[in-house]
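Undergrad: Take a look at the following structure, please.
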Amino acid sequence: MSPVSLPDFIRLDGGAVSLVLDCRGPAPVALYWGPGLDGGADGAMLDLLAAREDAPCSPLVAAPLALTPLAGQAFPGRPGLLAHGDGLRWATYTRITGVRRPDAASVEIDSIDDANAIALTHHLRLDRHGMLSGWTQVRNDGTDLLDLEWLAAPTLPLPPDMADWVTFEGRCAGEYRMQVQRRVMGAVVKENRRGR
């Protein structure tokens, strides 16, 4: 079986928005998400622009903010996948195994963790209006049960010029009331524990 050829970078363009993914490491990382790029902009150039200086008391190589940040890849924040098999197999470490482009506006990226028998698939689509949609699938390739406690949709860095959160709230006969609030440091969580 011949090795799979993977692209170094994946670019999606829609409306006045571009998304560039870096697939050179073990996990896909959003290298750029923002105003549309011209045709001459490539992933290697964006990678140079994203380089950071060494910060005091921090690792020389920072753990990347992958589409699914993983504890096994040394991500220091909240992992995008919390799963275990009977208290074991919890430190997931995946590597990219395949990339599919169903059409010019979409990409599907497969990753596997051979040691823990877990597979992830990231689905991303950037439509002609610049609206990005995405979801993540997890699959248990092992024979033991897998307890899935948390799986994030694809994790993306916020554009630096984003100043406001726009969210929706509501209840019966008052759904989808738009709320605008200033961007703050930390987490903004919207959830529904009743399944409706």
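The values are calculated or read from the model by the stated rules, or taken from the named source; none is laboratory data. Remember, predicted model here, so these are calculated numbers, not experimental data. No Cβ is skipped: glycine too gets one built from the backbone with ideal geometry, and neighbour counts run over all protein chains shown. Quick note on the areas: whole protein, heavy atoms, side chains included, nothing else; ligands and nucleic acids left out. Shrake-Rupley method; radii C 1.70, N 1.55, O 1.52, S 1.80 Å.
Undergrad: Kindly evaluate Ala62 against the criterion of being within 29 Å of Ile112 (Cβ to Cβ), surrounded by 10 or more Cβ atoms within 10 Å (Cβ to Cβ) and more than 14 Å from the chain's Cα centre (by Cα).
TA: Against the criterion (within 29 Å of Ile112 (Cβ to Cβ), surrounded by 10 or more Cβ atoms within 10 Å (Cβ to Cβ) and more than 14 Å from the chain's Cα centre (by Cα)), Ala62 qualifies.
Undergrad: Follow-up. Out of the residues in region 65-77 that are farther than 21 Å from Leu124 by Cβ and not in a loop (DSSP other than H, G, I, E, B), which is most open to solvent (accessible area, probe 1.4 Å)?
TA: Ranking the candidates gives Ala71 first.
Undergrad: Do we have Met178 as open to solvent by 90 Å² or more (accessible area, probe 1.4 Å) and either in a loop (DSSP other than H, G, I, E, B) or over 20 Å from Ala83 (Cα atoms) (or both) here?
TA: Considered against the rule, which asks whether it is open to solvent by 90 Å² or more (accessible area, probe 1.4 Å) and either in a loop (DSSP other than H, G, I, E, B) or over 20 Å from Ala83 (Cα atoms) (or both), Met178 comes out as yes.
Undergrad: Further question on the same structure: Which one of Pro3, Pro56, Pro7 is closer than 20 Å to Thr94 by Cβ, surrounded by fewer than 17 Cβ atoms within 10 Å (Cβ to Cβ) and at pLDDT below 80?
TA: Details: Pro56 fails: closer than 20 Å to Thr94 by Cβ; Pro7 fails: at pLDDT below 80.
Going through Pro3, Pro56, Pro7 in turn, just one is closer than 20 Å to Thr94 by Cβ, surrounded by fewer than 17 Cβ atoms within 10 Å (Cβ to Cβ) and at pLDDT below 80: Pro3.
Undergrad: Looking at Trp90, Trp33 in this structure, which one is out of contact with any helix residue (DSSP H, G or I) (no Cβ under 8 Å at 6 or more places or on another chain) and aromatic (Phe, Trp, Tyr)?
TA: Being out of contact with any helix residue (DSSP H, G or I) (no Cβ under 8 Å at 6 or more places or on another chain) and aromatic (Phe, Trp, Tyr) holds for just one of Trp90, Trp33, which is Trp33.
Undergrad: Shifting gears a bit: Among (1) open to solvent by less than 100 Å² (accessible area, probe 1.4 Å); (2) under 28 Å from Gly15 (Cα atoms), there is one condition Leu148 misses while meeting the rest; what is its number?
TA: Result: Leu148 fails condition (2) only.
Undergrad: Related question: State whether one or more residues within region 78-90 are more than 18 Å from the chain's Cα centre (by Cα), open to solvent by 30 Å² or more (accessible area, probe 1.4 Å) and either closer than 15 Å to Leu21 by Cα or among the aromatic types (Phe, Trp, Tyr) (or both).
TA: yes
Undergrad: Moving to a separate point now. Can you list the strands (runs of 3 or more DSSP E) lying wholly within region 91-171 that have 3 or more residues being within 20 Å of Arg78 (Cα to Cα) and out of contact with any Phe, Trp or Tyr (no Cβ under 9 Å at 6 or more places or on another chain)?
TA: It comes to 118-126, 132-140, 147-151.
Undergrad: From Ala163, Ala173, grab the single residue that is more than 21 Å from Arg24 (Cα to Cα), at pLDDT below 85 and open to solvent by 70 Å² or more (accessible area, probe 1.4 Å).
TA: So the residue among Ala163, Ala173 that is more than 21 Å from Arg24 (Cα to Cα), at pLDDT below 85 and open to solvent by 70 Å² or more (accessible area, probe 1.4 Å) is Ala173.
Undergrad: Related question: Anything in region 91-112 that is within 22 Å of Thr143 (Cα to Cα), touching an Asp or Glu at 6+ places or on another chain (Cβ under 6 Å) and surrounded by fewer than 16 Cβ atoms within 10 Å (Cβ to Cβ)? List them, or say none.
TA: Selection gives Thr97 alone.
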